Each structure stands twice: as C-alpha cells, then as structure tokens.
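Taking it in order: structure first as structure tokens, then the write-up.
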Amino acid sequence: MSAEQANLWDFAKPDLSRLTEAEREVYEAVDQGPYGAREYARYTQRSPGTVSNLLRRARTRLDTEGST
C-alpha cells in the first residue's frame, strides 16, 4: 500500500451536524477513531450500554438521513 492510496473517508464523510453532541462524540471516537465501544466507555466513565446506545442511534440517524 502506498501513502497515496485513497481512503473511503476521503470520499464519503457523513454529515455529522445532525447528531447530538454526545452521539457525534461517540461516533467520531469509535467509528472514525481508534477506540472500541467498551474502551471508550471506560475512558469517558460512561457505561458500555450508554456508549453502545449512542453509537447505535448515531449510525441509525446517519443511515436514515443519508438515504432520503
């Protein structure tokens, strides 16, 4: 792989402005960042269920709004 190889995020960056602040924070950290859901829950002192729910809501909102 070369350093010039394109990344999917270079082309298909989702519009995160429609997410709540908490949803956006979790989505960026877990889906676009270096953390796993449980790891991020420990890091932010949230329950793993809370992080998972925020991530699910963010993904659902982005999928729903992206297809309309």
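Read the figures in this text as sums done on the coordinates, not as results from a lab. Since this is a predicted model, take the numbers as computed values, not measurements. Note that we place each Cβ from the backbone using ideal geometry, even for glycine, and neighbour counts take in every protein chain shown.
Obtain the nm distance between the two label points defined at A22 and Q45 by a simple spin-label model: each point lies 7 Å from its Cα along the Cα-to-C-beta direction.
Using points 7 Å along Cα→Cβ, the separation is 1.6 nm.
Find how much the distance from K13 to Q32 grows on full extension, using 0.36 nm per residue of separation minus their present alpha carbon separation; answer in nm with one decimal.
Taking 0.36 nm per residue and subtracting the Cα distance, the gain is 5.8 nm.
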